[in-house]
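K.L.:
First, the structure itself, so that you have it in front of you.
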Amino acid sequence: MKRLFTLVVLLTLLSLACSLTGTPTPTAEIPPPATATQPPVPTEAAAPTAATRPALPPPVPTSSERPCLPAEKSPAIPDPNGPSFHQVFIATSSDGLTWQTNNQVVIDQASVPEAVRLPDGRWLMYAVNGSTLGGPGLVYAESQDEGQTWTCGTVNVPGADPDVVLLPDGRIRIYYIEFPFGPHPPQPGTTTEPNRVKSAISSDGKNFTLEEGTRLEGVQYTDPDVILVGSEWYMYVSTGEKAWAARSSDGLNFTLIGLVNGTGAVSSSYLFPDGTLRHYYCGREGIQSATSTGGGDIWRTEPGARIARDPSWKIVCDPSVAPDGHGGYWMAYKIQPADTTAPSP
């Protein structure tokens, strides 16, 4: 009984985080905290140690009828706006502006996807796990045939809102949000405790070692989006529909720069071969995009929507853009069906 209670509490926290990444609504501006309050962080990636590695959960059970999806459908908690009611799709593009999708579900009962193509051609996708099978925490989906088939399992990272970067040495760094709520989550908008952006390192993309320290922290910060521009790292975090930028020389110690967009957030940023820095984000028209001349500059919204909201969807959000290795691009994103009374069959 205690184990069930703990599972429900943890999934309530993840549901609260993921429900905040739906179609944004205007919120009062939240002054970012001074970075001087951050705990010390290392200037180099922490060396893997057994003491910092959580136990790896078992793979998510699947069936041949539902590849890379739970064999059974059961909501983790009955929150109609939480990750138990979200689905992960993939869209493709040749130019980063016009996108096509076949509306095929890659991961069901999952939210805030993050996609990456590894140098060996494998695709890995990470997401917040909204299923009672293998949760709470993060789930991964892996494809070795360019997305034709997927297998999945769980990831030993104790957080939400994953964002992944490939490091020069071939390792994978995952950034994620750690919430301070403990067993008693507050009402939305009432907490003054900061959320923390943490990180972990992996050589295979499945087994991660937590890195010491905090990358960035702030009240209601969610959905880190990290990119290397030139020799500097930039991180974008969200507070409602506002996007804030921070800068780092090493990808570990970030300092807040300021507000870069006030009409949409929860972004995925990509530096195109022609030098265009494009930010995809959850906007009022669906998934929209903007450009900036530098990592810390104000975003300039591009006309139209990259993926417009479908009438059958309540939410379309959480873009993650990556090169497909063949001159084109993939975007992982989440939707929520408009009629959400139970997980979709």
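K.L.:
Which of the residues belonging to the stretch 65-89 are at pLDDT below 70 and in contact with a Phe, Trp or Tyr (Cβ under 8 Å, 6 or more places away or on another chain)?
P.N.:
Result: PRO67, CYS68, PRO75.
K.L.:
Determine if the stretch 271-292 includes at least one residue that is within 25 Å of VAL219 (Cβ to Cβ) and surrounded by fewer than 19 Cβ atoms within 10 Å (Cβ to Cβ).
P.N.:
Yes, the conditions are met somewhere in the stretch 271-292.
K.L.:
Suppose we keep only residues that are charged (D, E, K, R) and more than 28 Å from SER238 (Cα to Cα) within the stretch 139-171. Which one would you say is surrounded by the most Cβ atoms within 10 Å (Cβ to Cβ)?
P.N.:
GLU146
K.L.:
Could you please let me know if GLU285 is modelled with pLDDT of 95 or more and of a type in the set (Asp, Glu)?
P.N.:
In short, no.
K.L.:
Test GLU217 against the criterion of being under 28 Å from ALA200 (Cβ atoms), among the acidic types (Asp, Glu), surrounded by 19 or more Cβ atoms within 10 Å (Cβ to Cβ) and modelled with pLDDT of 95 or more, and give yes or no.
P.N.:
Judged against the criteria, GLU217 is a match.
K.L.:
Could you check the stretch 204-221 and list, in sequence order, the residues that are in contact with a Gly (Cβ under 9 Å, 6 or more places away or on another chain) and more than 24 Å from TRP123 (Cβ to Cβ)?
P.N.:
The answer is ARG215, GLN220.
K.L.:
Then there is this: Taking only the stretch 247-257 into account, find how many residues are in contact (Cβ under 8 Å) with a residue 40 or more places away in the chain and farther than 21 Å from TYR126 by Cβ.
P.N.:
5
K.L.:
When the stretch 250-270 is examined, which residues are found to be surrounded by 23 or more Cβ atoms within 10 Å (Cβ to Cβ) and β-branched (Val, Ile, Thr)?
P.N.:
VAL266
K.L.:
Another question about this same structure. If you check every pair at least six apart or on different chains, which have Cβ atoms under 9 Å apart with a residue in the stretch 84-103 that is in contact (Cβ under 8 Å) with a residue 24 or more places away in the chain and buried (at least 23 other Cβ atoms within 10 Å of the Cβ) first and a residue that is of a type in the set (Asp, Glu) and not in a loop (DSSP other than H, G, I, E, B) second?
P.N.:
Matching pairs, first to second residue: HIS86/ASP108; HIS86/ASP318; GLN87/ASP108; VAL88/ASP108; VAL88/ASP318.
K.L.:
Can you say whether SER111 is part of a helix (DSSP H, G or I) and at pLDDT 85 or above, as far as the supplied structure shows?
P.N.:
Taking the combined requirement at face value, the residue does not satisfy it.
K.L.:
Another question, then. If the requirement is being over 15 Å from ASN261 (Cα atoms), in a strand (DSSP E or B) and out of contact with any Gly (no Cβ under 9 Å at 6 or more places or on another chain), which of these qualifies: ILE335, ILE315?
P.N.:
Just one listed residue meets the conditions, ILE335.
K.L.:
A follow-up question, please. Residues to consider are GLY189, GLY170; find the one that is at pLDDT 90 or above, on the phi > 0 side of the Ramachandran plot and assigned to a loop (DSSP other than H, G, I, E, B).
P.N.:
GLY170
The values are calculated or read from the model by the stated rules, or taken from the named source; none is laboratory data. Here the structure is a predicted model, which means the values were calculated and not measured. Here Cβ is always computed from backbone atoms with ideal geometry, including for glycine, and neighbour counts include all displayed protein chains.
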